[in-house]
Amino acid sequence: MIDNQLKSYVKKIIDKELEKICNIDLTINSIKNNLPYTIINNQKFTSWDDITVSCGIPSICIFLAEADCHFPELNLHRIAHQYIIKIQTSINNMNWNDLSLFNGLSGIGFMALMLSKNKTRYVKLIDSINYQIIANLPKLIHYFQESFQNNDLKMGHYDIIQGLSGIGRYLIFFKEDSVILDIIKLIINYLIDITKFIQINDHKVPGWYISKSNQFTDYDRLKYPNGNFNLGLSHGITGVLAFFAISLSYGICDPFQQETIKIITSWLLNFSYFENESKNWPCHISFEDYMNGHVSENNKNTQLGWCYGSLGVARTLWLVGSILNAPELQNISIDTFKNITCTPIKKIESMSSTFCHGISGVIHMFNLMYKDTLVPEFQKFINMLIQILLDKYDDNYVFGFRSINWSLGKKIECDSIGLLDGTAGILLSFLACIYPMKTKWDSVFLLN
């Protein structure tokens with residue numbers, strides 16, 4: 001798959017970082033002494049929570065679950081268990097009302113599932129978490145429904161990170177349980193509802209409209225004074241589409257689900273723009289662009305990463321095309337990926353190393369597409385990306401790589417171990433390049 005010399009370097013980095021991670025007390029102390037942070041609306045937020053999949057100990061355990069399959073002689077499952085013991089008190093005291101995949105109960109369940117060796121371990125922990133989700137999710141869905149009826153939809157209601165698309169993806173692993181299957185169908189019904197038209201300022205618009213007041217940042221509130229439509233895989237309608245396609249591939253189908261898939265897909269195709277003879281997608285569609293029926297020139301910009309931009313949309317269209325037997329959608333996806341292989345090297349070199357909005361996420365999405373299509377350009381591009389990522393490695397960094405974020409034009413570099421913005425996500429991407437995937441760790445990103 002990748003160049004043998006690159007493979008050798010990748011293995012060395014995995015070995016080095018595994019050695020660090022296996023020193024549990026040192027790793028935890030290193031985390032606490034180098035807390036990663038972000039700046040939102042001029043406020044500094046520490047992006048560390050020891051019990052979240054996004055940036056905490058569960059991200060280490062998810063990596064160890066996959067690595068244990070490839071290096072059984074290291075007994076990495078025992079190391080992972082010691083990490084779980086370290087956060088057991090935090091798990092017991094956590095907010096059981098947060099059911100989300102990246103920050104809440106579903107994420108803890110996902111971690112345990114990845115370590116469970118086909119549901120033979122951590123059974124009590126998984127059952128306990130699923131019991132809480134079953135008990136609380138219907139009330140949460142009812143609350144989200146009321147918010148939607150009041151034109152107060154928030155991205156965290158439906159998205160992958162905090163909302164029902166992520167929770168639903170986790171629950172799909174337990175669809176054989178009739179109670180859980182019924183709850184998945186409740187999620188699907190809600191997500192179908194938010195694709196129906198609503199009335200905003202005397203105009204009919206798709207229900208996934210996000211008002212100015214419900215934008216994440218002051219910057220977005222200024223940029224979109226009349227609200228917008230989020231296209232991101234992480235926080236937007238693309239994540240909902242991915243969940244619909246994946247649930248359908250598992251045989252979970254609502255009578256209106258396929259029609260809703262076609263509605264969202266058609267909408268995404270209508271609000272794309274051409275660049276080098278392939279479709280591309282911005283991160284958001286402004287209210288004004290929606291009313292005008294096309295992406296305006298000043299909004300024709302995309303992002304290279306998992307969370308937002310053309311790659312996430314294109315990968316989702318591939319999934320939709322696969323499940324609906326629609327080769328025209330798969331061809332659109334391939335063309336978009338081919339176009340991205342022409343990205344200037346300097347742009348890639350300036351990116352973060354991480355999975356969410358960085359190089360390792362791009363590597364993994366191209367890796368998946370290469371395995372699905374065997375397009376030779378993808379393999380060549382993956383090798384280039386790996387080389388760039390290897391060049392960013394520094395053994396003097398706490399975890400070998402640093403995440404890069406920008407706030408008000410200021411570059412912020414942080415040491416992080418997390419799945420989204422840290423080394424765990426990078427190492428999982430590396431593992432998938434040199435070994436067949438054994439766990440379904442990337443399902444947390446709704447890429448499969």
Revision key, fill the gap. Treating only Lys and Arg (+1) and Asp and Glu (-1) as charged, each at its beta carbon, one finds that the range 251-332 has a dipole about its Cα centre, in Debye to the nearest 20, of 180 debye
Revision key, fill the gap. Projected onto their principal axes, the Cα atoms of the range 54-148 stretch, largest extent first, over whole-Å spans of 52, 23, 22
Revision key, fill the gap. At the level of C-alpha centres, the distance separating the range 181-210 and the range 270-341, in angstrom, is 21 Å
Review point. What ranking, highest mean first, results for peptides 127-133, 82-88, 23-29, 358-364 when packing means the other Cβ atoms within 10 Å averaged over each residue?
Key: 358-364, 127-133, 82-88, 23-29
Practice item. Go ahead and set up a Gaussian network model of the chain, Cα springs under 10 Å, then flag whichever of L74, L329, L428 fluctuates most. Key: L74
Check your understanding: What is the packing order of peptides 417-425, 388-396, taking the mean over residues of other C-beta atoms within 10 Å and listing the highest first?
Key -> 417-425, 388-396
Check your understanding: Is there a pair in K262/K438; K300/K338; K175/K212; K20/K392; K279/K371 whose C-alpha atoms are over 25 Å apart, and which pairs would that be?
Key -> K262/K438; K175/K212
Check your understanding: Which stretch or stretches of the range 58-85 have amide N atoms under 12 Å from the point lying 7 Å from Y435's Cα along the Cα→Cβ direction?
Key -> 63-77
Check your understanding: Per-residue ellipticity at 222 nm for the chain, helices alone: DSSP H runs ≥ 4 residues times -39500 (n - 2.57), over residue total, nearest 500 deg cm²/dmol?
Key -> -17000 deg cm²/dmol
Revision key, fill the gap. In this structure, the FRET efficiency calculated for N136 and W406 from their beta-carbon separation, with R0 = 35 Å, to the nearest 0.05, is 0.45
Revision key, fill the gap. Share of accessible surface on carbon and sulfur in the chain, whole %, 1.4 Å probe and ligands ignored, is 50 percent
Practice item. Would you calculate the separation in nanometres between label points at C342 and Q82, each defined as 7 Å from the Cα along the Cα-to-beta-carbon direction? Key: 5.2 nm
Study note, to complete from the structure: Computed about the Cα centre, the charge dipole of the chain from +1 Lys/Arg and -1 Asp/Glu charges at the Cβ has a magnitude in debye, to the nearest 20, of 380 debye
Exercise for review: With unit charges on the beta carbon (Lys/Arg positive, Asp/Glu negative), name the residue among I194, C283, H294 whose Cα is farthest towards the positive pole of the charge dipole of the chain.
Suggested key: C283
Revision key, fill the gap. Bounding extents of the range 171-270 in its principal axis frame from Cα atoms, largest first in Å, are 46, 25, 22
Exercise for review: Give me the aspartates and glutamates in straight-line cross-link reach of K347: C-alpha distance below 15 Å, same-chain residues under 8 apart excluded.
Suggested key: D391
Point to revise | Exceeding the 26 Å Cα-Cα cut-off - candidates K16/K410; K11/K86; K124/K440 | key: K16/K410; K11/K86
Check your understanding: Given H placed on each backbone N at 1.01 Å, which residues far from G358 in sequence or on other chains put an amide H within less than 5 Å of it?
Key -> W306
Check your understanding: Considering the dipole of the chain built from charges on the beta carbon (Lys and Arg +1, Asp and Glu -1) around the Cα centre, which of H357, Y308, Q88 is farthest to its positive end?
Key -> Q88
Point to revise | Mean accessible surface per residue for the chain, computed with a 1.4 Å probe while every protein chain stays in place, in Å² | key: 41 Å²
Study note, to complete from the structure: the range 326-351 scanned against label point 7 Å out from Q387 along Cα→C-beta; backbone N under 12 Å for 345
Review point. What nm value, rounded to one decimal, do you get for the distance between C253 and K119 when each label is placed 7 Å out toward the C-beta?
Key: 2.2 nm
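The values are calculated or read from the model by the stated rules, or taken from the named source; none is laboratory data. Values in this document were obtained by computation on a predicted structure and should not be read as measured data. Reconstructed Cβ throughout: ideal geometry from the backbone, glycine too, with neighbour counts over all protein chains shown. Side chains included, ligands, DNA and RNA excluded: accessible areas come from the protein's heavy atoms. Shrake-Rupley method; radii C 1.70, N 1.55, O 1.52, S 1.80 Å.
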